[in-house]
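> Dumping the structure here so I can ask a few things about it.
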Amino acid sequence: MNLPFVLAACLRRCAFVATLVLLCIAPRAVLAQTCTFTMSNIAFGNVSTITGSPVDATGTLTANCSGIAAANVEFCLSIGIPSGGFSPRTMTGPGGATLSYDIFTDSAHTTIWGSVASSSFPERIVDIPVVGGIVSVSLTVYGRVYAGQTTVQPGSYSQAFATTDTLFTYLAYTGTPPTCTGSSTPSDRLTFNVSATVIADCNMSAAPLAFPAATSLVSQVTANTSLSVTCVSGTPYTVALNAGTTGGGTVASRFMLLSGGTATVNYELYKDAAFTQPWGDGTNGTTTDSGTGTGTAQSLTVFGRVPAQTMQPSGNYSDTVTATLTF
């Protein structure tokens, strides 16, 4: 019988067939094309609305791609909230108050970063060459809070961007660049937040108080001047006046000193034209002046009086009073 020979032949034939099957099903390695994005928050920090200057801040958008079997990747980067408009965008604060700002593609803050869905404010398009199947890019996102928002009150303001407000599409290509219009895949969507804190802030300026020349002090001499106070809208403030630099004076009764001499002339400062409310620091029978900021300049009048007194040597008399603004 030839059975052993037949079995051997069968075994060899079966092994050969099995080997062919294994070779046929072995997979071919394929690189997966992927891009991942990250987006930082944009935090403006403290914002004063009375400085007359915008406040700037930046964020960062990064993209890292691998497995790209093409020469270039074109990124179509949309930042939206089109329901609220692109310019200006608005952060919301206390009681529904808003603070206007925008997001720009450039450090000069001239080109607003928009969306593929907008014809007026387009998305940002960036074309990056592929090196070894990899693309990495980091883009600065420029934010600016606009100046001149003098009626905005202090508080925390923010705007949250949801995944529906961003669309970051990436298109690998070789040759002619593709168009971003109508492109939605492959893509990614992210969330980020824009925030600012409007601070209670004030500034003040003062004009000199000049009494008219007098040949006699047998009767009182009066004059007035003004302090200009500008505070962020809704900010309460208080203005106090000190005793001046001439020795012997108090907040209720100050002295001017003769230039180049030691003689003094008594004078007083008041909040009212009737000279009934001495303006000082709240001590020694005096009071302070106060108000609430409107975001624009407010004028406070200082009424000065030199009461009747013994005539001193002729010459120029002066004193320096410090006004302290508390808010």
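> Any idea which of (1) crowded, with 17+ Cβ neighbours inside 10 Å; (2) free of Cβ contacts under 8 Å to residues at least 12 places away in the same chain is the one V152 doesn't satisfy?
Answer for V152: the failing condition is (2).
Let's see how each residue does on (1) surrounded by fewer than 16 Cβ atoms within 10 Å (Cβ to Cβ); (2) in the same structural domain as T151 (by TED's automatic domain parsing); (3) of a type in the set (A, V, I, L, M, F, W, C):
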{"residue": "A206", "(1), (2), (3)": "no, no, yes"}
{"residue": "A214", "(1), (2), (3)": "yes, no, yes"}
{"residue": "A223", "(1), (2), (3)": "yes, no, yes"}
{"residue": "T246", "(1), (2), (3)": "no, no, no"}
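> Let me ask something else about it. Going by what's in this entry, would T322 be described as at pLDDT 95 or above and surrounded by fewer than 17 Cβ atoms within 10 Å (Cβ to Cβ)?
So T322 passes the test.
> Looking at (1) among the small types (G, A, S); (2) closer than 21 Å to G85 by Cβ; (3) part of a strand (DSSP E or B), find the lone condition where A172 falls short.
So the condition that A172 fails would be (2).
> I need a count of the residues in the stretch 57-79 that are surrounded by 18 or more Cβ atoms within 10 Å (Cβ to Cβ) and outside any loop (DSSP other than H, G, I, E, B).
12
> Within the stretch 156-164, identify whether any single residue is touching a residue at least 12 places away in the same chain (Cβ under 8 Å), surrounded by fewer than 17 Cβ atoms within 10 Å (Cβ to Cβ) and more than 30 Å from V126 (Cβ to Cβ), and answer yes or no.
Within the stretch 156-164, one or more residues are touching a residue at least 12 places away in the same chain (Cβ under 8 Å), surrounded by fewer than 17 Cβ atoms within 10 Å (Cβ to Cβ) and more than 30 Å from V126 (Cβ to Cβ).
> May I pose another question? For the stretch 262-286, give me each residue that is touching a strand residue (DSSP E or B) at 6+ places or on another chain (Cβ under 6 Å), hydroxyl-bearing (S, T, Y) and part of a loop (DSSP other than H, G, I, E, B).
Within the stretch 262-286, T286 is the sole residue that qualifies.
> Sort through T111, T98, T140, T105 and tell me the only one that's over 28 Å from T36 (Cα atoms), among the β-branched types (V, I, T) and modelled with pLDDT of 95 or more.
The match here is T98.
> Looking at the stretch 245-257, is at least one residue assigned to a strand (DSSP E or B) and closer than 30 Å to V152 by Cα?
No, the conditions are met nowhere in the stretch 245-257.
> With surrounded by fewer than 21 Cβ atoms within 10 Å (Cβ to Cβ), small (G, A, S) and under 44 Å from the mean Cα position of the chain (by Cα) as the only criterion, which of S233, S253, S259 stands out?
It is S233.
> Please go through the stretch 293-305 and pick out each residue that is within 12 Å of T230 (Cβ to Cβ) and either of a type in the set (S, T, Y) or touching a Cys at 6+ places or on another chain (Cβ under 6 Å) (or both).
G293, T294, T296, S299 - these are the residues of the stretch 293-305 that are within 12 Å of T230 (Cβ to Cβ) and either of a type in the set (S, T, Y) or touching a Cys at 6+ places or on another chain (Cβ under 6 Å) (or both).
> Turning to a different aspect of this structure: Check the stretch 92-115 and report whether any residue there is assigned by TED's automatic domain parsing to the domain that holds P54, closer than 23 Å to G45 by Cβ and either basic (K, R) or touching a helix residue (DSSP H, G or I) at 6+ places or on another chain (Cβ under 6 Å) (or both).
No, that holds for no residue.
> Mind checking which residues of the stretch 106-145 are aliphatic (A, V, I, L, M) and over 17 Å from the mean Cα position of the chain (by Cα)?
Hits for the stretch 106-145 are V116, A117, I125, V126, I128, V130, V131, I134, V135, V137, L139.
The values are calculated or read from the model by the stated rules, or taken from the named source; none is laboratory data. Since the model is a prediction, treat every value here as computed from it, not as a measurement. Cβ coordinates were reconstructed from backbone atoms using ideal geometry, including for glycine residues, and neighbour counts include every protein chain displayed.
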